[in-house]
Amino acid sequence: MSRSTIADVAKAANVSVSTVDRVLSGRHRVREATSQQVLRAAEAIGFYGTGMIRHRLGQDRPARSLGFLLQQPQRSFYKMLGQDLKEATDASTTIRGRAVVRFRDDLTPEVAAERLLQLGRECDAVAVVAADHPKVTQAIDTLHGEGVPVFALISDLPAANRAGYVGLDNWKVGGTAAWFISNMCRTPGKIGVYVGSHRFLSQDVSEMRFRSYFREHAPEFQLLDSVATLEDSRYAYEITLDLLRRAPDLVGIYVAGGGITGVIRALREDPSALSRNLVVIGRELITETIAGLVDGVINVVLSHPRRLLAATLVEAMAQSTISTQGGSIVQRVIPFEIYTVENL
């Protein structure tokens, strides 16, 4: 019998010859599921390069389960991030990874700590988006004692036993938001500042820099007391309508945390909002903020690069499961993206 060829493997796997070639050469990334499909076909027909395919796919890589505890599943950003994390785990070249993505509607620290412990006992390493609280710190300490690395995602945590942090430089995020508002507002006036919760260190740092920028560079503006949206778009909607009624000299709004969709809804419904030429800065590029930029309801979006965020986190978590970091905390700060209507 003649020796099997790449074309035979492609036919058996129901993929193109070029896909099989990419799996063999390793020059370009191929989806894990497709690569495994090629490997099974090669094994089934006795392809001479099966050993090479196994080597390329890293069958000797350790199998690891990575857990991700995110916030509300109804929020577009977290829903998309969950998918990005799954894809990044599948694409890892360090481990043969399995992603376990969990969401929680209840943002109380008790629930965050409970779910974190549950996830940590299912997985080899976990990452969590959570507000700072002693109960969360205690859960991290417990998992650390059990040999499970815990990474802070998006918002850092002060727990000494966390394995690392992957997210933005939120000091720069706050300064950038302040720069845009101070330079885009036609006249000085009042500025509203929203955070989801002051216990999210990312938002707290961002707000601090936002305020310090105005003290240093634009003291003619009046920054109002911060309002917590509780990461709830409905509440953000209500407080925005109230703010528009109370502050006729409002010139800008910075939404440092969750709730931007509620803010956009309120700005669309209040007839005075457009006539004021408000400068509004929001977070995260999602369907609603894209529409807000296009319609001129908001002006700038400062966003996490989700896929880069996911890939960076997965690699840090994978490394933590196969090598010791010598007790050092891993810090992976990634650049944020800036969007206006002109670069969508």
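The values are calculated or read from the model by the stated rules, or taken from the named source; none is laboratory data. The structure displayed is predicted, hence computed values, not measured ones. Heads up, the Cβs are rebuilt from the backbone with ideal geometry, glycines too, and the neighbour counts pull from every protein chain shown. With ligands, DNA and RNA removed, areas are computed over all heavy atoms of the protein, side chains included. Shrake-Rupley method; radii C 1.70, N 1.55, O 1.52, S 1.80 Å.
Kindly indicate the residue of the stretch 100-111 that is buried (at least 17 other Cβ atoms within 10 Å of the Cβ) and under 16 Å from Asp232 (Cβ atoms) and also farthest from the chain's Cα centre (by Cα) among those meeting that condition. If we take residues in the stretch 100-111 being buried (at least 17 other Cβ atoms within 10 Å of the Cβ) and under 16 Å from Asp232 (Cβ atoms), then Leu107 is farthest from the chain's Cα centre (by Cα). Within the option set Val251, Val280, being outside any helix (DSSP H, G or I), within 19 Å of Phe77 (Cβ to Cβ) and among the β-branched types (Val, Ile, Thr) holds for one residue only, Val280. When Leu24 is tested against (1) out of contact with any Leu (no Cβ under 9 Å at 6 or more places or on another chain); (2) surrounded by fewer than 17 Cβ atoms within 10 Å (Cβ to Cβ), exactly one condition is not met: (2). For Arg61, the criteria (1) surrounded by fewer than 19 Cβ atoms within 10 Å (Cβ to Cβ); (2) within 20 Å of Val148 (Cα to Cα); (3) within 26 Å of the chain's Cα centre (by Cα) hold in every case but one, which is (3).
Residues in the stretch 27-41 that are touching a residue at least 12 places away in the same chain (Cβ under 8 Å) and out of contact with any Leu (no Cβ under 9 Å at 6 or more places or on another chain) were compared, and the one that is surrounded by the most Cβ atoms within 10 Å (Cβ to Cβ) is Ala41. Within the stretch 209-233, residues that are more than 22 Å from Met184 (Cβ to Cβ) and hydrophobic (A, V, I, L, M, F, W, C) reach partners that are in a loop (DSSP other than H, G, I, E, B) and open to solvent by 40 Å² or more (accessible area, probe 1.4 Å) with beta carbons closer than 9 Å, at six or more positions or on different chains, in the pairs Ala228/His198; Leu230/Leu107.
Which one of these is among the aliphatic types (A, V, I, L, M), more than 19 Å from the chain's Cα centre (by Cα) and not in a helix (DSSP H, G or I): Ala152, Ala178, Ala160, Ala127?
Ala160
Here Lys11 meets each of (1) in a loop (DSSP other than H, G, I, E, B); (2) surrounded by fewer than 19 Cβ atoms within 10 Å (Cβ to Cβ); (3) more than 27 Å from the chain's Cα centre (by Cα) with one exception, condition (1). Screening the stretch 208-231 for residues that are among the acidic types (Asp, Glu) and open to solvent by 20 Å² or more (accessible area, probe 1.4 Å) and picking the one that is farthest from Ile154 (Cα to Cα) gives Glu220. Inside the stretch 14-33, can you point out the residues that are within 17 Å of Gly49 (Cα to Cα) and assigned to a helix (DSSP H, G or I)? The answer is Val17, Ser18, Thr19, Val20, Asp21, Arg22, Val23, Leu24, Ser25.
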